[in-house]
Amino acid sequence: MESLTPHICRLQSRCSKAGIEVSGIQDILNLNIYITNAVKTPKSEYAVSKESIEESLPYLEKELELFPNLQVVMLMGDVAKRH
C-alpha cells in the first residue's frame, strides 16, 4: 500500500466504515472524490489565521465551480475543526 497523508488515512477510514474499500489514492480518485485545501496560502504560524481563510475563499469558490455536479463537500483539518 502506498504512503497516505493523515487526511487521506481519515478518508480511507470513513470509506471503510461506509463499506467502501479504499487502498490508495487511485481508489479515491476512481470514486470521483476530489481532494483540495480550503486555505490556499502556507501557514505562517501554528494555526491558520482568519485572514488567510478569508483570502483563500474566492479561490476555493472558483475551484469548486469547476465541478457543476458536486453533491458533497467534506471538510477536514484545522479550518474544518474551527469553523
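Computed from the coordinates by the stated procedures, all read-outs in this text should not be read as laboratory data. The model shown is predicted, which means the values in this text are computed figures rather than measured ones. Counting neighbours? That spans all protein chains shown, and the Cβs are built from the backbone with ideal geometry, glycine included.
Note on Val72 and Thr41: with the Förster distance fixed at 30 Å, the Cβ-Cβ geometry gives a FRET efficiency of about 0.75.
Run the count for the chain, please: Lys pairs, Cα-Cα under 28 angstrom, 8 or more apart or on different chains. Within the chain, the lysine pair count is 9. On a 0 to 90° scale, report how tilted helix 6-17 is relative to the longest principal axis of the chain, with both axes built from alpha carbons and the result rounded to the nearest 10. Helix 6-17 sits roughly 40 degrees off the main axis of the chain.
If you wrap the Cα atoms of the chain in a convex hull and average its projected area over all directions, you get 6.4 nm². Computed from Cα positions, the angle between helix 50-65 and the longest principal axis of the chain comes to roughly 50 degrees.
Work out, in µm²/s and without decimals, the Stokes-Einstein translational diffusion coefficient of region 36-83 at 25 °C, 0.890 mPa s, Rh from Kirkwood over C-alpha pairs. Walk me through the numbers before you get to the answer.
Values: Rh = 11.6 Å.
Result for D is 211 µm²/s.
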